Amino acid sequence: MRLLIIEDDRDAADYLVKAFREVGHVADHAADGEEGLALALDGGYDVLIVDRMLPKLDGLAVIGRLRAKHVTTPALILSALGAVDDRVRGLRAGGDDYLPKPYSFSELLARVEVLARRLVGRGEETQYRVADLELDRLSHRVVRGKEEILLQPREFRLLEYLMKHAGQVVTRTMLLENVWDYHFDPQTNVIDVHISRLRSKIDKGFAQPLLHTVRGAGYMIRDGAR
Amino acid sequence: MTALGKLLRTTAFQLTLVYLVVFALFAAFLLGYFAFNTRRLINEQIVGIVDAELQLLQVQYNQAGVRRLVGIVDVRSRRPGSSLYLVTTPTGEGLAGNVGSLEPGILESEGWVETAYRRLEEPESAEHNALVRVSRLPGGIRILVGRDLDERERMFHIVTLAGRWSVAIVIVLGVIGGVFVSRRVLKRVDAMTGTAQTIMAGDLSGRLSVIGSGDEFDRLALNLNGMLERIESLMRGLKEVTDNIAHDLKTPLTRLRNRCEAALRAANTETNYRRVLEETIEESDGLIRTFDALLMIARAESGEVREGMAEFDVADVARDVSELYEPLAEDKGLTLEVQAKQHAAVKGNRELVSQALANLVDNAIKYAAPAAKEPSGAVNGERCGILVKADAEQDRVVLTVSDRGPGIPQGDRSRVLDRFVRLEQSRSLPGSGLGLSLVSAVARLHGGELKLEDNAPGLRACISLPRVAMPPQQAA
């Protein structure tokens, strides 16, 4: 995956470039809005990581100009302004995701990978399948092997989101945002309990576990056999 | 700026000047008009008298000839007064009259004319002006009848003089009045400026003086005082937050630093380093959470989020939040029940109200859970239940979270709403001491309040918010 990081803080950018390289991605760096815009227009990137406050050209303006020129490369906005209305403004300007600072790298990585995958257009499928687990988005039926699994509506949406991003790490915040539509951080980790309930329904009694916990990052549904 | 310069620059003085100029022009115009009309009136009178006399003389001449005319003119010429007469032969020799000399050529043409003249008995130098009419009688005799204009000029002079004086007096009085008014205004403005300067110098407790006359200065002062009041309370809040942050973030920061230092000094294996680093990340995450909570409270308290408010159903929020926490409650051996059937609309920030309710439910689970594990508490399942309720009252919507935990002693109930306050018995449990502060701030942002009550046993926390009447089409 090729990434462009538009960030004026040299230390933060160096850290990100290095961290992305370590996990096997290619990352370029632009130190201001104009340079970032020029590089992004050249194309060839899978995801843009754009800081909100940039010298010369503000992060939202960079995304706005890209979108005006019909460049649809997914963009993730990084910002020290974390409140809900700032997030809304960022997404309205054409950003695809928003991550308030300070963030953990695993959270950023998970989101970037989800954004990159969005290109493939998996979200439009009506059926998801991981190993012998099948989820039908139209009939709301979940089947593992030959057995039908009965889920609560919220559990269904949780599984749907996890399966949509099968093979990718999904963080707790991403689940809260996309399954519950909450943008705050609950004091206790309520998500863990929901996950363990879901796990007991889909994995219990099967030799091959599908729902995995990724330490320090989040969760992943994946076909362990592959 | 000199005192005079300051005075001259006041709006009041400049306004006075403008009025003064307008008024003086108006007065001058009025007096000019008056003078002009006086002059015209006098002219008309002269014309009337002269015409009548000339007609009379013509009649006499026509009836009795030149001798009679000369006789009458002689008599009339000798009477005192301002009338002028002159009768001449066709060649210009004087036959009778009281005019000594005229401007040359006056007698050549008939009709009205204004001319300089001298009376017969007067010395060379004495020249006057007169309005005269020359007429040619049958037989070539010329006759001039006129009237001295001194009277008219005197009258005109008197009127213009009076006019000039009155304009001068208007200007002088106007300037004095302007100075007087401006000084009064300036005095009050100076007093306000003085107070404003002490406030700018850092004394936020200063207030503008209000005289009580209810004039525009009083109104301005009252409004500015209200503004200062608000600024002062915001500043106080800000200072409190800063103090708290300084005090309560320093402790975990010190812990963080000490741990790293100790690791550098003592840890020798990779496992040890790893463990310390993991703890450090955990601690930083806690710090970030505390910081986020503080910022959120500050935003709620400043009313900054007020613009993005919309109507939403609180019963929905109660159901959603309960649904989020239900598995956690069950995990801890508690039941979580929701009673939110009735539609209850509130105008506000859904996200913040959700977070506030989540904090209350989170607290309820946290504090009631240990009680549920005790044998005495676990005997009766009902006793350990948490109840989340959304009630729509007449004009309020009340969100209630009741638990069967240890509760909060009466005396501590208002104190726990302050930032970073944690009661002795809860220090062992995780938490920042900011949860209830946020709930309280969110309630106040929405024009409501947070009340903590005794649930005998346990705690009952109620957020009451102003209710919005839903439009009928959405009520269903």
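Nothing in this text is a laboratory measurement; each read-out follows from the coordinates by a stated rule. Because the structure is predicted, anything quoted here is derived from the model rather than measured. Please note: Cβ atoms are built from the backbone with ideal geometry, for glycine as well, and neighbour counts cover all protein chains shown.
For the protein assembly as shown, with the dipole built from +1 on Lys and Arg beta-carbon atoms and -1 on Asp and Glu ones, taken about the Cα centre, which of B:A358, B:L277, B:A168 lies farthest toward the positive end?
B:A168
Just to be sure I understand: with springs between alpha-carbon atoms less than 10 Å apart, which residue in A:A166, A:A68, A:A30 has the highest mean-square fluctuation in the Gaussian network model of chain A?
Residue with maximal mean-square fluctuation among A:A166, A:A68, A:A30: A:A68.
Tell me, how many Å apart are the Cα centres for segment B:29-78 and for segment A:166-180?
Segment B:29-78 and segment A:166-180 have Cα centres spaced 118 Å from each other.
Rank B:N37, B:A221, B:L8 by how far each Cα sits towards the positive end of the charge dipole of the protein assembly as shown (+1 on Lys, Arg Cβ; -1 on Asp, Glu Cβ) and give me just the farthest.
Highest projection toward the positive end goes to B:N37.
Between A:E22 and B:T271, how high is the FRET efficiency from 1/(1 + (r/R0)^6) when r is the Cβ-Cβ distance and R₀ = 25 Å? Nearest 0.05. Don't jump to the answer; show the numbers that get you there.
Numbers: r = 21 Å, r/R0 = 0.85.
E(calc), rounded to 0.05, equals 0.75.
For segment A:73-226, what is Rg from Cα atoms divided by 2.2 N^0.38 Å, rounded to two decimals? Working shown, then result.
Numbers: Rg = 15.9 Å, N = 154, 2.2 N^0.38 = 14.9 Å.
For segment A:73-226, the normalised Cα radius of gyration comes out at 1.07.
In the protein assembly as shown, what % of DSSP beta bridges are antiparallel (nearest 5)?
Details: 66 of 87 bridges.
Taking every DSSP beta bridge within the protein assembly as shown, about 75 percent pair in antiparallel fashion.
Please identify which residues in segment B:159-196 have an amide N closer than 15 Å to a label point set 7 Å out from the Cα of B:K6, following the Cα→Cβ vector.
B:182-196
Normalised radius of gyration for chain B, please: alpha carbon Rg relative to 2.2 N^0.38 Å, two decimal places.
2.28
Okay, helix-only estimate at 222 nm for chain B: each DSSP H run of n ≥ 4 adds -39500 (n - 2.57), divide by all residues, round to 500 deg cm²/dmol; what do you get? Don't skip to the answer; put the middle values down first.
Details: 10 runs with 271 residues, N = 476.
For chain B, the value works out to -20500 deg cm²/dmol.
Let me know the shape class of segment A:10-71, please: from the alpha-carbon gyration tensor, a ≥ b ≥ c as square roots of the eigenvalues, rounded when a/c is under 1.5, otherwise prolate if a/b is greater than b/c, or oblate.
Oblate, since a/c reaches 1.5 and b/c is not below a/b.
Please report, in debye to the nearest 20, how large the charge dipole of the protein assembly as shown is about its Cα centre when each Lys and Arg carries +1 at its beta carbon and each Asp and Glu carries -1 there. Spell out each step's value before the answer.
On the way: 90 positive and 96 negative charges, 182 e Å.
The dipole magnitude comes to about 880 debye.
Using helices alone, what [θ] at 222 nm do you get for chain A, with -39,500 (n - 2.57) per DSSP H run of 4 or more residues, divided over all residues and rounded to the nearest 500? It would help to have the intermediate numbers written out before the result.
Details: 8 runs with 85 residues, N = 226.
Only helices count here, giving -11500 deg cm²/dmol.
Taking neighbour counts of Cβ atoms within 10 Å as a proxy for exposure, in what order, fewest first, do B:E93, A:E177, B:E278 appear?
Working: B:E93 7, A:E177 18, B:E278 11.
The order, fewest Cβ neighbours first, is B:E93, B:E278, A:E177.
Specify the inter-centroid distance of segment A:205-226 and segment B:128-164, based on alpha-carbon positions, in whole Å.
127
For chain A, with a Gaussian network of springs between Cα atoms less than 10 Å apart, report the residue from A:P153, A:P100, A:P74 with the top mean-square fluctuation.
Looking only at A:P153, A:P100, A:P74, the biggest GNM fluctuation is shown by A:P153.
Two decimals is fine: what's Rg over Rh for the protein assembly as shown, C-alpha atoms, Kirkwood radius as Rh?
Values: Rg = 50.3 Å, Rh = 35.2 Å.
Reported Rg/Rh, Kirkwood definition of Rh: 1.43.
Would you mind classifying segment B:267-370 by shape? Square roots of the alpha carbon gyration tensor eigenvalues, ordered a ≥ b ≥ c; an a/c under 1.5 is rounded, otherwise it is prolate if a/b is larger than b/c and oblate if not. Before the final figure, lay out each step's value.
Numbers: a/c = 3.74, a/b = 1.54, b/c = 2.43.
Since a/c reaches 1.5 but b/c is at least a/b, the shape of segment B:267-370 is classed as oblate.
For A:A27, what residues show an amide H to amide H distance below 5 Å, using hydrogens built from the backbone and excluding near sequence neighbours?
Under 5 Å from the amide H of A:A27 lie the amide H atoms of A:L3, each far enough along the sequence or on another chain.
Sticking with the crude label model, points 7 Å out along Cα→Cβ, report the distance from B:D316 to B:R289 in nm, one decimal please.
Modelled inter-label distance: 2.8 nm.
Taking the Cα centre of chain B as origin, sum charge times position over the Cβ atoms of Lys and Arg (+1) and Asp and Glu (-1), and report the length of that vector in debye to the nearest 20.
Details: 57 positive and 61 negative charges, 278 e Å.
The dipole magnitude comes to about 1340 debye.
Taking H as built 1.01 Å from N, whose amide H comes closer than 5 Å to the amide H of B:G405, not counting residues under 5 places away?
Those lying under 5 Å, H to H, from B:G405 are B:L459.
Under a plain spin-label model, where a point goes 7 Å from the Cα along Cα-to-Cβ, how far apart in nm are A:E147 and B:L173?
Between A:E147 and B:L173, the simple spin-label model gives 10.9 nm.
Work from the charge dipole of the protein assembly as shown (Cβ charges, +1 for Lys and Arg, -1 for Asp and Glu, about the Cα centre) and give the residue of B:A461, B:G206, B:V47 farthest towards its positive end.
B:V47
I'd like the FRET efficiency for A:D14 and A:D181, computed as 1/(1 + (r/R0)^6) with the beta carbon distance as r and R0 of 41 Å, rounded to 0.05. Intermediate results must be reported in sequence, preceding the final value.
On the way: r = 35 Å, r/R0 = 0.86.
Computed FRET efficiency for A:D14 and A:D181: 0.70.
Using the count of nearby Cβ atoms within 10 Å as a rough guide to exposure, how do B:E114, A:E160 rank from fewest to most? Intermediate values should be presented prior to the final figure.
Details: B:E114 13, A:E160 18.
Least to most surrounded, the residues fall as B:E114, A:E160.
Which cross-chain or sequence-distant (5 or more) residues have an amide H under 5 Å from the amide H of A:H212, H modelled 1.01 Å from N in plane?
Hits under the 5 Å cutoff: A:M220, A:I221, A:R222.
Could you please rank B:K341, A:K101, placing first whichever residue has the fewest other Cβ atoms within 10 Å of its Cβ?
Values: B:K341 11, A:K101 14.
Going from least to most buried by this count: B:K341, A:K101.
Among DSSP beta bridges whose residues both lie in segment A:1-154, state the antiparallel percentage, nearest 5.
Values: 11 of 28 bridges.
Percentage antiparallel, nearest 5: 40.
Find the centroid of the Cα atoms in segment A:1-73 and in segment B:286-301, then give the distance between the two in whole Å.
So the separation of the two Cα centres works out to 29 Å.
Which shape class, rounded, prolate or oblate, goes with segment A:2-118 when its Cα gyration tensor gives a ≥ b ≥ c as root eigenvalues, a/c under 1.5 marks rounded, and past that a/b bigger than b/c marks prolate? All intermediate terms of the calculation are to be shown ahead of the outcome.
Values: a/c = 1.26, a/b = 1.11, b/c = 1.14.
Judged from the Cα gyration tensor, segment A:2-118 comes out rounded (a/c under 1.5).
Using the beta-carbon distance between A:Y103 and B:R396 and R0 = 35 Å, what value does 1/(1 + (r/R0)^6) give for FRET efficiency, to the nearest 0.05?
0.35
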